[in-house]
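**Q** Have a look at this one before I ask anything.
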Amino acid sequence: MNKKSVMNNYRFLALMLAAMILGCIVGWISPKFGTTIAPFGTVFINMMFCIVVPLVFASISGAVAGMNSRKRAGKIMGTTIAIFLVTGAIAAVIMFVLMKLFPPVLHAWHNMASEDIGEHATMSQMIVNFFTAEDFVGLLSRKAMLPLIVFSLLFGFATNHAEQGDGPVTRWLDGLTQVMLKFVQIITYYAPIAFFAIFANLMATYGSAITQSYGRAMLVYYPLCFIYIFTAFPLFAWFGGGKHGISTMFKHIAKPAIVSLGTCSSVATIPTNLQEAEATGISKDVSEMVCPLGATMHMDGSCFSCVLKIAFVMGAMGTDMSWKMMIPVIAVAVFSSVGMSGVPGGGYIGEYIICSIFFPNNVEVAFPILVAIGNLVDPPATMINSSGDYVVSYMVSRFVDGKDWLNNAIRRQQAEVASAE
C-alpha cells in the first residue's frame, strides 16, 4: 500500500512536469496560442488564492490555540523568524560575492528609458502596512498576507489563553484546517492543465527577453538557484534532521518545488508544504506556523534577486557596488524580501524599498529595470523561497522537538506500516 502511494505521487509529479515542458514547447512555437490559453492557468492560481486566506488563518490560529504551552508557541515562532533571517543573510552574502566576480552589467547604459511609476508609500507607511491592515475586511485579501499572519498569531494566542488549548473555537479551527486541505486536494486534480497553460504563457511572454538584454544576469541567477537547492538545502536538512535528513528532504521537496515554480507564488504553495511536512512527520504545530509564516518572511530566492537588482542598476548607471556596501546591501536584501507579500510579482514592495534607499534620485529610471529583472527571476526565486519553507521546518523541529525528532518520526511511520500489514 505504501509503495503504491509513492508511485501515485511520482506519477502525478511526472504528469505536471510533462505539462510544464509541453507548455514551454507550445509557447515557444506559437506565442499567440500560449498567450490565449493563459486564463486556464489563472483559474488555478485564483482558486488557490481563494483557499489560502482561510487556510492560513485556520492553520496558524489553530496551531497556536491548540498548544498546551504558550512557551512552546513562542519558542517555535522565535526560532522560525531567527532562522529565516539567518538563511536570508547567507543567501544575500552568496549573491553579493557572485556579483563582484561576475558583474551583470559590464558597461554603463547611456540611454536608459524612464517610466512613470506614480507615487509610492513612504518607508514608515510600508512598515505599518507590513504588519497591519486598515480594517478587518483588509485582512481578507491575499495582498495583506503578513497582517493576516500577525492577526492569526494574536487570535491563536487569545484563543489559547481563553480555552487553555481545548475548547470549541480551537476544535473549529482544527476542523476548518482539515476541510481546506481537502479542498486543495480536489483542486490539485486540475493542476496539469493549469501548468500547461501557465508555462505556455511564460514562454510566450518572456522567452525572447531571457535570451537578450538580461541574459547575463539570468546565466548567474538561474544556475545559482538550482545549485543552492542541491548544496545549501541538504546542509540545512542535515543540520535539522541528522543522518536521515538529506534523504528524507529529497523525497518530499520535489512537489513543493514544482508547484511553486509553476504558480510563482509562495502563498499558493502553503498547502503543498503542509502536506509534505505532515508526511515527513514534522509536528503539526511546527509546520502550521513555519509554512504560512515562511510564505511571507522566508525569501532566500528574493534575497538573491534583491542583490542582483542592486548590482544590475548600479552597473547600468556606471556605479560600482564596492565591498564597503556589503552590509547595507545585505540588510536591505533581507528587510525588503521579508516585506514581500508572497504573491506573483511580490507587489513591487521590494523594488520600492530598493529605490528609496539606493536610488532615491533616479526612481523613474531604476524602478522599471528592477521590475523587469523581478519578472524574469520570479519562478526560480519563488521555488527557493517556497521549498525552503519545508526545509526550514527541519531546523525548527531540531530546536523545538530535539535532535532525534526525525528518527522518532521514521520509527512511528514504520510501526504504523507494520501494524497495517
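**Q** How large is the dipole of the stretch 170-307 about the Cα centre if only Lys and Arg carry +1 and Asp and Glu carry -1, each at its Cβ, rounded to the nearest 20 debye?
**A** Values: 7 positive and 6 negative charges, 40 e Å.
In total the dipole reaches around 200 debye.
**Q** If one computes the Cα centroid of the stretch 304-329 and of the stretch 41-109, what distance in Å separates the two points?
**A** 23 Å
**Q** Could you run the Karplus curve 6.51 cos²θ - 1.76 cosθ + 1.60 with θ = phi - 60° over the stretch 222-238 and give me ³J(HN,Hα) per residue in whole Hz, x for Gly and Pro?
**A** 4, x, 4, 4, 6, 5, 4, 4, 8, 10, 5, 4, x, 5, 4, 5, 5
**Q** Right, here's the next one. Give the distance, in whole Å, between the Cα centre of the stretch 393-421 and the Cα centre of the stretch 256-296.
**A** Their Cα centres are 18 Å away from one another.
**Q** Report, by chain and number, residues whose modeled amide H sits under 5 Å from the one on Thr132, excluding near sequence neighbours (fewer than 5 apart, same chain).
**A** none
**Q** Provide, for q = 0.18 Å⁻¹, the log10 of I(q)/I(0) from a solvent-free Debye sum over equal Cα point scatterers in the stretch 21-70.
**A** One equal scatterer on each Cα of the stretch 21-70 leads to -0.67.
**Q** Grab the Cα-Cα distance for Leu106 and Leu22, subtract it from 0.36 nm times how many residues apart they are, and report the gain in nm with one decimal. Kindly include the intermediate steps, with their values, before the conclusion.
**A** On the way: separation 84, 0.36 × 84 = 30.24 nm, distance 3.54 nm.
Once the chain is fully extended between Leu106 and Leu22, it gains 26.7 nm.
**Q** Right, something else. Might you report the magnitude of the Cβ-based charge dipole of the stretch 378-421 about its Cα centre, with Lys and Arg at +1 and Asp and Glu at -1, to the nearest 20 debye? List each step's numbers first, then the result.
**A** Values: 4 positive and 6 negative charges, 41 e Å.
About 200 debye.
**Q** Counting residues in the stretch 187-291 as N, plug N into 2.2 N^0.38 Å and put the Cα Rg over that result.
**A** Details: Rg = 16.3 Å, N = 105, 2.2 N^0.38 = 12.9 Å.
Normalised Rg, Cα atoms only: 1.26.
**Q** When you count, for each residue, the other Cβ atoms within 10 Å and take the mean per peptide, how do 216-227, 258-269, 280-291, 235-246 rank with the highest first? If you can, show how the numbers build up before the last one.
**A** On the way: 216-227: 16.8, 258-269: 27.6, 280-291: 25.3, 235-246: 18.4.
My ranking of the peptides, most packed first, is 258-269, 280-291, 235-246, 216-227.
**Q** Which of the residue pairs Lys182/Lys284; Lys255/Lys403; Lys75/Lys255; Lys75/Lys182; Lys75/Lys251; Lys32/Lys255 have a Cα-Cα distance greater than 19 Å in the structure shown?
**A** Working: Lys182/Lys284 16 Å; Lys255/Lys403 25 Å; Lys75/Lys255 28 Å; Lys75/Lys182 29 Å; Lys75/Lys251 28 Å; Lys32/Lys255 30 Å.
Exceeds cut-off: Lys255/Lys403; Lys75/Lys255; Lys75/Lys182; Lys75/Lys251; Lys32/Lys255.
A short reminder: the numbers here are calculations on the coordinates, not readings from a lab. Note that this is a predicted model, so its numbers are computed, not measured. Here Cβ is always computed from backbone atoms with ideal geometry, including for glycine, and neighbour counts include all displayed protein chains.
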